[in-house]
1. Can you pull out the residues in region 28-46 that are charged (D, E, K, R) and surrounded by 15 or more Cβ atoms within 10 Å (Cβ to Cβ)?
2. Considering only residues that are of a type outside the set (V, I, T) and touching a residue at least 24 places away in the same chain (Cβ under 8 Å), which ones fall in region 22-57?
3. Applying the selection to region 39-67, what residues are at pLDDT 95 or above and among the β-branched types (V, I, T)?
4. I'm trying to understand the selection: among the residues of region 27-46, which are touching a Gly at 6+ places or on another chain (Cβ under 8 Å) and closer than 14 Å to G63 by Cβ?
Amino acid sequence: KALAEEVVRLCEEPNNFNQVYPLDMSIEEKLNAIATKVYHADGVALTANAKKQLDKIESLGYGNMPI
């Protein structure tokens, strides 16, 4: 119970949280934003199959979902 109360207390404190990327970016752009801004990577390298799967996900209308 104490842990839950502490989590609630911390969540109620002011914060300066900012999204790493806007939701209207493509999934590949979001992945690159996360890789570069959060993990300080040079970016992501997607295989042709991965790009095909991302295209399918976006064509189904899930491209604007957060990652």
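1. Step one: list which residues in region 28-46 are charged (D, E, K, R), which gives 28-30, 37, 42.
Answer for region 28-46, where residues must be charged (D, E, K, R) and surrounded by 15 or more Cβ atoms within 10 Å (Cβ to Cβ): E28, K30.
2. Within region 22-57, the first condition is being of a type outside the set (V, I, T), and the residues that meet it are 22-26, 28-33, 35, 37, 39-43, 45-46, 48-56.
Once the filter is applied, which keeps residues that are of a type outside the set (V, I, T) and touching a residue at least 24 places away in the same chain (Cβ under 8 Å), region 22-57 yields L23, D24, S26, E28, K30, L31, L54.
3. V44, T47, I57
4. We begin by selecting, within region 27-46, every residue touching a Gly at 6+ places or on another chain (Cβ under 8 Å); these are 27, 32, 35-36.
Listed by number, the list holds a single entry, I27.
The values are calculated or read from the model by the stated rules, or taken from the named source; none is laboratory data. Every value quoted in this text rests on a predicted model; they were computed, and no experiment measured them. Please note: Cβ atoms are built from the backbone with ideal geometry, for glycine as well, and neighbour counts cover all protein chains shown.
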